[in-house]
1. Give the residue that is modelled with the lowest pLDDT, with candidates limited to residues of the stretch 8-26 that are assigned to a loop (DSSP other than H, G, I, E, B), charged (D, E, K, R) and under 18 Å from the mean Cα position of the chain (by Cα).
2. Given (1) at pLDDT below 95; (2) out of contact with any Pro (no Cβ under 6 Å at 6 or more places or on another chain), where does residue 74 come up short, assuming only one miss?
Amino acid sequence: MSSGFTRAWPRTVRRWPTYNLFRRRAEPDLVCAVPNDFPVPAFVTGEAWTYAGSISSPSEAPPGFSAEVAERGAETCGFHLFHQLPAVTAAPEPAWRAVG
């Protein structure tokens, strides 16, 4: 006998949230990431911070941003503060080569 209900399977694909980024004017390496569907924290409003764009996928995340840590921060306080690290660039080729 069927009850007419179907079993709900757990969702295995997690949605990547879009994060709005705000940079502190006096300390440009300090960034506040706020999930798009969360309110912007009161300390970010005003002239001390500026909007610095948004990221909607892991490939767009700046160096220093950790999705796992950002998710935990958003769950506990609604935002994630991090220091943006310098971009990693490939080491330049030496101008000379040893002859073997």
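The values are calculated or read from the model by the stated rules, or taken from the named source; none is laboratory data. Note that the structure is a prediction, hence the values are computed from the model and not measured. Here the Cβ positions follow ideal geometry from the backbone for every residue, glycine too, while neighbour counts run over all protein chains shown.
1. Of the residues in the stretch 8-26, the ones assigned to a loop (DSSP other than H, G, I, E, B) are 8-18, 25-26.
Still in the list and also charged (D, E, K, R): 11, 14-15, 25.
Still in the running and under 18 Å from the mean Cα position of the chain (by Cα): 14-15.
Values: 14: 59, 15: 70.
Residue satisfying both the conditions and the ranking: 14.
2. Only one criterion is unmet by residue 74, namely (2).
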